[in-house]
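Just so you know, all these numbers are worked out from the coordinates, no wet-lab data involved. Just so we're clear, the structure is a prediction, and the values are computed from it rather than from any experiment. Glycine also receives a Cβ, built like all others from the backbone with ideal geometry; neighbour counts cover every protein chain displayed.
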Amino acid sequence: MAQNVDTVSSSGNNAKKIVRLGLVLFAVAAITGLILGVVNEITIEPIRRTQERLRNEALAAALPEAETFETVELKSDAAPIVKDVQEGKSGGFVVGYCVTAAPTGYAGPVEVVVGITSSGGVRGIRILSQSETPGLGAKAPLPKFSGQYDNKDVENLVVVKTPPSAANEIQAISGATITSNAVTLGVNTALAYWRDNLKGGN
């Protein structure tokens, strides 16, 4: 009989321990969630401001002639990688557009801002974000690669592995052809969007 009482007592203690453990875990999870929520609220606005600043800097660098930018509504049939269109003005006159495209690179989307002049040439590009391989595709924002797109007055660009021999050629980053092709796809898609939707102020 005593053994049965001990067994019941032990079972009761185990149940209490399980309940206490559950309550402790619940409390830890609740406190952790609360802390994360507070941290998120504290950091979300600074992050948003930083992203907005980087975006504005990219727009100004891709189309330096523009003094102001105004969002243009995307056409319903726009290519999926086209994410944003900004009309650039100076002195009240349209001097070009910045089309943001996000083609898929080696490790994820490569967000590229393409400055397009009023005559349809590439004024310049800026890589707004990327997660490519360090030392390889991550070199895309560097002027040695991205600077090749400056002042290109062509309808379509192609990637080559050797030094360019034609105006529409872009030399790939060594060991990062996928990234190079992704950036060029973004630029070509932006140019196509301009021709189809923005040329002549359409």
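Values for this structure:
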read-out	value
Long-range lysine pairs (8 or more apart or interchain), segment 63-201, Cα under 20 Å	9
Restricting segment 111-188 to GluC sites (Glu not before Pro) in coil, as DSSP defines it, with at most 15 other Cβ within 10 Å	E155
Helix axis angle, 177-193 relative to the chain longest principal axis, alpha carbon, degrees	60
Listed candidates [x] 51, 40, 31; [y] 97, 42, 30; [z] 52, 35, 32 - label of the one calculated as Cα extents along the principal axes in Å	[y]
Sequence-distant residues sharing a close amide H with L128 (under 5 Å, placed H)	E111, V112, V113
Order of D77, D196 - criterion: other Cβ atoms within 10 Å of each residue's Cβ, fewest first	D77, D196
Around P109: net Lys/Arg minus Asp/Glu count, Cβ-Cβ under 11 Å	-1
Leading residue at positive end of dipole, the chain (Cβ point charges), from T32, Y97, A192	T32
Computed [θ] at 222 nm, helices only, for the chain once each DSSP H run of length n ≥ 4 contributes -39500 (n - 2.57)	-14500 deg cm²/dmol
Contour excess over end-to-end distance, with Cα ends at F93 and A166 and 0.36 nm allotted per residue	23.0 nm
Leading residue at positive end of dipole, the chain (Cβ point charges), from N156, P46, V122	P46
I18 paired with I42, simple spin-label distance in nm, labels 7 Å along Cα-to-beta-carbon	3.9
Dipole magnitude of the chain about its Cα centre (Cβ charges: Lys, Arg +1; Asp, Glu -1), debye to nearest 20	620
Nearest 10 degrees, 0 to 90: helix 2-62 Cα axis against the chain principal axis	20
